[in-house]
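The values are calculated or read from the model by the stated rules, or taken from the named source; none is laboratory data. Predicted, not measured: the structure shown is a model, and the values here were computed from it. Don't worry about glycine lacking a Cβ; one is built from the backbone with ideal geometry, like all the others, and counts go over all protein chains shown.
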Amino acid sequence: MDDQRYLYVSNVGKHEVRRYKLGEKNGTLVAGGNGIGYGLNQLNYPTYLFVDRDHSVYVSDCWNYRVMKWVEGAKEGIVVAGGQWKG
């Protein structure tokens, strides 16, 4: 949860991250959501999450071997680590 009590959930099957308010059923897409892939608007098995004070979401994009940063409202992420496959 962030400081505004939003819950962030990674869905590895849909390759996306959603943010939920208490009582919300569908949530808001905050990362990925464009199917499996390597593009800057895609994720491949998003696993661990971190949310900073600016509500940017950092996602360990497991099978793309990278960490992505998604600024609030962004349609694409930024590679902040990795992205060169294994190693």
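Just to verify a result, which residue in the range 70-87, among those that are of a type in the set (Gly, Ala, Ser) and not in a loop (DSSP other than H, G, I, E, B), is surrounded by the most Cβ atoms within 10 Å (Cβ to Cβ)? Among those residues, the one meeting the criterion is GLY82. Each residue in the range 63-80 was checked for being touching a His at 6+ places or on another chain (Cβ under 9 Å) and among the charged types (D, E, K, R), and 1 of them qualify.
Considering only residues that are touching a helix residue (DSSP H, G or I) at 6+ places or on another chain (Cβ under 9 Å), part of a strand (DSSP E or B) and either at pLDDT below 95 or surrounded by 20 or more Cβ atoms within 10 Å (Cβ to Cβ) (or both), which ones fall in the range 11-63?
Matches in the range 11-63: LEU43, PRO46.
Among the conditions (1) touching a Leu at 6+ places or on another chain (Cβ under 9 Å); (2) crowded, with 17+ Cβ neighbours inside 10 Å; (3) among the hydrophobic types (A, V, I, L, M, F, W, C), VAL67 misses just one, which is (1).
When the range 3-18 is filtered for residues that are touching a strand residue (DSSP E or B) at 6+ places or on another chain (Cβ under 6 Å) and within 21 Å of VAL80 (Cα to Cα), the ones remaining, listed by number, are TYR8, VAL9, SER10, HIS15, GLU16, VAL17, ARG18.
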